[in-house]
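S.K.: Sharing a structure here in structure tokens format.
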Amino acid sequence: MPARPDIEAEIHARLVPFPKPHLLGVEDLSPEEALRLLDLADAFAGLNELPRRSLELLKGLTQANLFFENSTRTRSSFEIAGKRLGADVVNLDVATSSTAKGETLSDTAATIDAMGCDLMVVRHAGEGSVAEVAGAVKASVINAGDGKNEHPTQALLDALTIRRAFGRLDGLTVAIVGDLRHSRVARSNARLLPRLGVKLRMAGPPPLMPENPVQGVELADSLDAAVAGADVVMMLRIQRERMDASVAPSPEAYAQAWGLNRDRLALAAAGAKVMHPGPMNRDVEMDSTLADDRNVSLIRDQVRNGVAVRMAVLASLAARRS
Ligand code: NCD
């Protein structure tokens, strides 16, 4: 492992101001800018392996996390990332917040902003809601998921995870399978990975296919067709909270037709890896033994790399503000 001073020097060398005032979607980054951000995240991943991982790039800055939808990994990952960089991190308790009393999202965000806030991480069920917040505050806003629209830091952490596992992105075939219609993870990945040279395929049950065709993405009509020859198979959760109960498949029927298991993965390229953004329904989207097999599964790497990517985004946005 490189020594701490070398890692710190690498972080400082790779840290450039974020190209936009906010990160609302992956298209806020050109392919070159996205790759530079991944290089910075790689350096942070090195820092995160040290026994003492803090580096005070955000000292004196305040980061507010406003999560109006459930979240385990994204919220804790942003909190850990901010704290590791020395920010004062505040988590808004949404259940008792003023939006629960009828205040608009923008007014709630502007209130937190007026207290002196530099970085604001927002998750909300409405598509475009995070962009609306960005228009109402002085802080730099990061979209942590706006309805079915975008989840840019997830796509960046997926790209980082694939690049760290294979040493490259260019020329790889990635299959994303499952509930494409309701997935902001799929949408952000579809807007990012092909621009980084990935051949992207998608497949899912017909009622859960995307409403609009996705440019540059090949659609397959079965799990087997999507998996054939793929280097990475990313499975998505069925987002029951976003669908009419009448179209929601039963877990058993879904696992039969669309669940990934070892037999089906045998159709993929040699050395293929599996991914899942979480939360995962075990033995529905993917066989437990596959998800837990560290030779095949990158699920834990995705979580680990999520912290590094969020550190890179927070530090770059802060560099733009100073
Ligand atoms: C995803 C989300 O919330 O968009 N989870 C995550 O952030 N890792 C996917 C999901 O909820 O299924």
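S.K.: At a probe size of 1.4 Å, how large is the accessible area of T62, to the nearest 10 Å²?
M.R.: Accessible area, nearest 10 Å²: 30 Å².
S.K.: Please give, to one decimal in nm, the separation of the simple spin-label points placed at K83 and E27, each 7 Å out from Cα toward the Cβ.
M.R.: The two pseudo-label positions are separated by 3.7 nm.
S.K.: Same structure, new question: What residues have an amide H closer than 5 Å to that of I176, excluding those fewer than 5 places away on the same chain, when H is modeled at 1.01 Å from N in the peptide plane?
M.R.: Correct list: R201, M202, A203, M234.
S.K.: Could you name the lysines in cross-link range of K273, using Cα to Cα under 29 Å and dropping any fewer than eight places away on the same chain?
M.R.: Within the straight-line cut-off, K273 pairs with K148, K199.
S.K.: Same structure again: Name the GluC sites (Glu not before Pro) in region 72-146 that are in a loop by DSSP and that have at most 16 other C-beta atoms within 10 Å, would you?
M.R.: Working: sites: E79, E103, E127, E132; in loops: E103, E127.
Here the GluC sites (Glu not before Pro) that fit, given the DSSP loop and packing criteria, are E103, E127.
S.K.: Then there is this: Once amide H atoms are built 1.01 Å from N in the peptide plane, which residues 5 or more positions from E127, or in another chain, come under 5 Å H to H?
M.R.: Hits under the 5 Å cutoff: K148.
S.K.: Near the amide H of V198, under 5 Å away, which other amide H atoms are found, from residues 5 or more places off or on another chain, if H is placed in the peptide plane?
M.R.: G171
S.K.: Could you give the dipole magnitude of the chain about its Cα centre, charging the beta-carbon of Lys and Arg +1 and that of Asp and Glu -1, in debye to the nearest 20?
M.R.: Values: 38 positive and 41 negative charges, 124 e Å.
The calculation lands at about 600 debye.
S.K.: Using a simple spin-label model with points 7 Å from Cα along the Cα→Cβ vector, what separation in nm is obtained for A13 and A225?
M.R.: About 4.8 nm separates the two model spin labels.
S.K.: Relative contact order, percent, of the chain when contacts are C-alpha pairs under 8 Å separated by at least 6 residues?
M.R.: Details: 606 pairs, mean separation 67.3, N = 322.
Computed over the chain, the figure is 21 percent.
S.K.: Sticking with this structure for a sec: Among the GluC sites (Glu not before Pro) within region 192-288, which fall in a DSSP loop and have no more than 14 other Cβ atoms within 10 Å of their own Cβ?
M.R.: Numbers: sites: E211, E218, E241, E252, E285; in loops: E211, E285.
Hits after loop and neighbour filter: E211.
S.K.: Determine the dipole magnitude for region 161-320: charges of +1 sit on the beta-carbon of Lys and Arg, -1 on that of Asp and Glu, nothing else is charged, the reference point is the Cα centre, and the result goes in debye to the nearest 20. Working shown, then result.
M.R.: Values: 22 positive and 17 negative charges, 188 e Å.
So the magnitude is around 900 debye.
S.K.: Two decimals, Cα atoms only, Kirkwood Rh: what is Rg/Rh over region 210-322? Let's see the in-between values first.
M.R.: On the way: Rg = 16.8 Å, Rh = 16.1 Å.
On the Cα set of region 210-322, Rg over Rh gives 1.04.
S.K.: Which one, A319, A230, Q215, is farthest towards the positive end of the dipole of region 214-322 when Lys and Arg carry +1 and Asp and Glu -1 on their Cβ?
M.R.: About the Cα centre, the residue reaching furthest to the positive side is A319.
S.K.: Mind checking which of G86, G306, G167 has the largest fluctuation in a GNM of the chain, springs on alpha carbons under 10 Å?
M.R.: Of G86, G306, G167, the Gaussian network model singles out G167 as fluctuating most.
S.K.: Under 10 Å, Cα contacts only: if you run a Gaussian network model on the chain, which one of A255, A270, A220 comes out with the highest mean-square fluctuation?
M.R.: A270
S.K.: Percent antiparallel among DSSP beta bridges with both residues in the chain, to the nearest 5?
M.R.: Taking every DSSP beta bridge with both residues in the chain, the antiparallel ones total about 5 percent.
S.K.: Name all residues of region 206-239 having a backbone nitrogen under 20 Å from the label point set 7 Å from the Cα of S288 along its Cα→Cβ direction, giving them as ranges.
M.R.: 235-238, by backbone N distance to the label point.
S.K.: Mind checking which of P152, I142, M120 is farthest towards the positive end of region 104-172's charge dipole, using Cβ charges of +1 (Lys, Arg) and -1 (Asp, Glu) about the Cα centre?
M.R.: Farthest towards the positive pole: P152.
S.K.: Can you show me the helix-derived [θ] at 222 nm for the chain, built from DSSP H runs with n ≥ 4 at -39,500 (n - 2.57) apiece and divided by the number of residues, rounded to the nearest 500. Before the final figure, lay out each step's value.
M.R.: Working: 12 runs with 127 residues, N = 322.
Helices in the chain give a 222 nm mean residue ellipticity of -12000 deg cm²/dmol.
S.K.: Starting from the Cα of D263, step 7 Å along the direction of its Cβ; do the same at M243; then give the gap between the two resulting points in nm.
M.R.: 2.3
S.K.: Work out, in µm²/s and without decimals, the Stokes-Einstein translational diffusion coefficient of the chain at 37 °C, 0.692 mPa s, Rh from Kirkwood over C-alpha pairs. Walk me through the numbers on the way to the answer.
M.R.: Numbers: Rh = 20.0 Å.
Translational diffusion coefficient: 164 µm²/s.
S.K.: For a quick check of your reading of the filter: which trypsin sites (Lys or Arg not before Pro) in region 228-308 sit in a DSSP loop and have no more than 12 other Cβ atoms within 10 Å?
M.R.: On the way: sites: R237, R240, R242, R262, R264, K273, R282, R294, R300, R304; in loops: R237, R294.
Hits after loop and neighbour filter: R294.
S.K.: Mind ranking V141, V217 by accessible surface for me, highest first, 1.4 Å probe?
M.R.: Values: V141 0, V217 20 Å².
Correct descending sequence by accessible area is V217, V141.
S.K.: Related question: So if I place +1 on the C-beta of Lys and Arg and -1 on the C-beta of Asp and Glu, and nothing else carries charge, what would the dipole magnitude of region 1-47 be about its Cα centre? I want it in debye, nearest 20.
M.R.: Details: 4 positive and 9 negative charges, 26 e Å.
So the dipole magnitude of region 1-47 works out to roughly 120 debye.
S.K.: Using a Förster distance of 22 Å, how high is the FRET efficiency between E211 and M280, based on the Cβ-Cβ distance and rounded to 0.05?
M.R.: On the way: r = 24 Å, r/R0 = 1.11.
Working from the Cβ atoms, E equals 0.35.
S.K.: With an 8 Å Cα cut-off and a minimum separation of 6 or more residues, compute the relative contact order for region 45-168 in percent. Present the calculation step by step, with values, prior to reporting the outcome.
M.R.: Working: 182 pairs, mean separation 27.9, N = 124.
Reported relative contact order: 22 percent.
The values are calculated or read from the model by the stated rules, or taken from the named source; none is laboratory data. All values derive from a computational prediction rather than experimental measurement. Because the Cβ atoms are built from the backbone with ideal geometry, glycine has one as well, and the counts that use them run over all protein chains shown. What goes into the accessible areas is simple: the full protein's heavy atoms, side chains included, and nothing from ligands, DNA or RNA. Shrake-Rupley method; radii C 1.70, N 1.55, O 1.52, S 1.80 Å.
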